[in-house]
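The values are calculated or read from the model by the stated rules, or taken from the named source; none is laboratory data. Worth saying up front: this structure is predicted, and the values here are computed from it rather than measured. When we count neighbours, we look across all protein chains shown, and the Cβ atoms used for this are built from the backbone with ideal geometry, even at glycine.
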Amino acid sequence: MSPPDDFLKTIQRMSRKDLGQLNKSQYSRAERRMINDELVRRSDKRKADKSTSKTKSRHPETRSWSLYPELLGSVDNKLKKPFTFYNVDDGGLHSLKEYDTFVTGDFQCSKRCSSRGWSSGKIAISIRLYDEDQYNARIYHQRCRRCNAVRRPTLDAETYGERISALDGSNFGRQRYLLTDV
Ligand SMILES: [Zn+2]
């Protein structure tokens with residue numbers, strides 16, 4: 001093993017505190033650089049560990065929004081012409097029009113949480129119209145005020161259907177792309 005490798009192994013075995021307290025004037029330029037690199041590597045790793053623990057381990061089962069293709073039935077009977085559900089959440093990227101409003105529903109929290117759940121009349125929904133009479137709607141989840149977990153609501157099918165039926169109206173939503181004659 002060459003001396004620089006030896007040196008690297010030595011500093012990799014040192015605690016972060018000891019590493020930070022090394023008297024750098026005692027070392028060669030190459031060695032000082034290795035010490036610095038090692039310190040940077042460890043602080044990057046700490047930052048990465050912190051951010052994963054925040055987003056992953058705390059509430060691993062939760063997402064911030066979802067589609068409700070299962071509510072298709074409560075929409076169909078309110079529409080004048082048939083629409084089909086576009087079961088891809090593309091963030092509205094390929095939609096022709098989009099409309100934001102609210103629906104009502106109930107949230108339940110986990111058994112470990114002291115909250116029994118809550119009802120909301122202001123669950124955000126983004127309804128999107130796609131080509132060939134297709135649509136979808138992104139429903140935004142809410143956070144429990146007790147434990148801060150994100151929860152997916154059980155929607156009131158009636159209001160959901162009513163909101164979606166706005167698709168039939170001629171002034172539904174805002175145009176995503178303005179096509180102009182060239
Ligand atoms: Zn909770």
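Filtering the stretch 98-131 to residues that are in contact with a strand residue (DSSP E or B) (Cβ under 8 Å, 6 or more places away or on another chain) and more than 17 Å from L67 (Cα to Cα) leaves Q108, C109, G117, W118, S119, S120, G121. With respect to the conditions (1) acidic (D, E); (2) within 30 Å of I139 (Cβ to Cβ); (3) at pLDDT 85 or above, D6 lacks only one, and its number is (2).
Restricted to the stretch 66-103, and to residues that are surrounded by 12 or more Cβ atoms within 10 Å (Cβ to Cβ), among the aliphatic types (A, V, I, L, M) and without any contact (Cβ under 8 Å) to a residue 60 or more places away in the chain, which residue is farthest from R128 (Cα to Cα)? Looking at residues that are surrounded by 12 or more Cβ atoms within 10 Å (Cβ to Cβ), among the aliphatic types (A, V, I, L, M) and without any contact (Cβ under 8 Å) to a residue 60 or more places away in the chain, I get L72.
Which of the residues belonging to the stretch 104-147 are within 12 Å of the ligand (Cβ to nearest atom), part of a loop (DSSP other than H, G, I, E, B) and in contact (Cβ under 8 Å) with a residue 40 or more places away in the chain? Step through it out loud before you land on a result.
First, the residues of the stretch 104-147 that are within 12 Å of the ligand (Cβ to nearest atom): 107-118, 142-147.
With part of a loop (DSSP other than H, G, I, E, B) added as a condition, the list becomes 108-117, 144-147.
If the condition is that a residue be within 12 Å of the ligand (Cβ to nearest atom), part of a loop (DSSP other than H, G, I, E, B) and in contact (Cβ under 8 Å) with a residue 40 or more places away in the chain, then Q108, C109 are the ones that fit.
The single condition among (1) surrounded by 15 or more Cβ atoms within 10 Å (Cβ to Cβ); (2) assigned to a strand (DSSP E or B); (3) not aliphatic (A, V, I, L, M) that Y160 does not satisfy is (2).
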